[in-house]
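Worksheet: one structure, shown below.
Just so you know, all these numbers are worked out from the coordinates, no wet-lab data involved. Fair warning: this is a prediction, and the values are worked out from it, not measured in the lab. As a convention, Cβ positions derive from the backbone with ideal geometry for all residues, glycine included, and neighbour counts pool all protein chains shown.
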């Protein structure tokens, strides 16, 4: 899953990015409200972690503008202890939750997982395609009851494809959803990751029907007819 962290304190932003990536999330970071709003408007994020005190555009304004643009991903506000009024205002204009600084990283992760589990977000804990299963909470993947070890990127790519079964997914869309916004992507990065993933979930099971199909000139498809 892909998250956006909007935090102007660079050290905190770097720590959040590193910690969340260790939790298997894909993380983009913005340091101003304007940059955060532009990214959230142009990219598809599963959730946004949004500080209230930001340069250029405060978090309350960012949240309000995103909701006015019909961007309905969960928004978790980060607030100072004395910002009670901002907490209430943020929830009133569409934020889903708030966390008061300083906070324990474990609590932040728990809050994010709780937001992503909401039924309206279609964030199923276990994603299935045929005899392949992926658990978004334990990061376990298996096919025909055999455990399949995946890298971080392979897991994220497979999760995204499982959430769009039978759909043809372009390379550009995979790059946007599976890699960080500022990643240095080589032309064959997607092909290499797909090839490695295919070795593990298809070629390793020669007696089973392949799950990943290459649609020449278009992209890739998992499952479906």
*Angle between the Cα long axis of helix 10-22 and the longest principal axis of the chain, 0 to 90 degrees, nearest 10?*
30 degrees
*By its C-alpha gyration tensor, with a ≥ b ≥ c as the square roots of the eigenvalues, how is segment 2-121 shaped: rounded for a/c under 1.5, else prolate for a/b larger than b/c, else oblate?*
rounded
*asked:* Can you give me the angle between helix 105-116 and the longest principal axis of the chain, using Cα atoms only, in degrees from 0 to 90, rounded to the nearest 10?
replied: 70 degrees
*Which entry in (1) 127; (2) 102; (3) 114 is this structure's computed volume of the Cα convex hull per residue in Å³?*
(1)
*Give, in nm to one decimal, the length gained when the segment between residue 106 and residue 145 is fully stretched (0.36 nm per residue of separation minus the Cα-Cα distance).*
10.9 nm
*Applying 1/(1 + (r/R0)^6) with R0 = 25 Å to the Cβ-Cβ distance of residue 208 and residue 175, what FRET efficiency is obtained, to the nearest 0.05?*
0.30
*asked:* So for segment 1-106, averaging the separation of alpha carbon pairs under 8 Å that are six or more residues apart and normalising by length, what relative contact order in percent results?
replied: 24 percent
_Restricting to bridges with both residues inside the chain, how much of the DSSP beta-bridge set is antiparallel, in percent to the nearest 5?_
45 percent
*asked:* Can you compute the modelled spin-label distance between residue 41 and residue 135, with each label point 7 Å from Cα toward Cβ, in nm?
replied: 4.1 nm
_Can you compute the modelled spin-label distance between residue 192 and residue 69, with each label point 7 Å from Cα toward Cβ, in nm?_
3.3 nm
*Report relative contact order for the chain in percent, whole number only (criteria: Cα-Cα under 8 Å, sequence separation at least 6).*
15 percent
*Round to the nearest 10 and give me the degree value, 0 to 90, for the angle of helix 33-42's Cα axis relative to the longest principal axis of the chain.*
30 degrees
*Would you calculate a helix-derived [θ] at 222 nm for the chain, using -39,500 (n - 2.57) for each DSSP H run of n ≥ 4 and dividing by the full residue count, to the nearest 500?*
-11000 deg cm²/dmol
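If each residue's Cβ is checked for other Cβ atoms within 10 Å, how do 1, 161, 57 rank with the fewest at the top?
57, 1, 161
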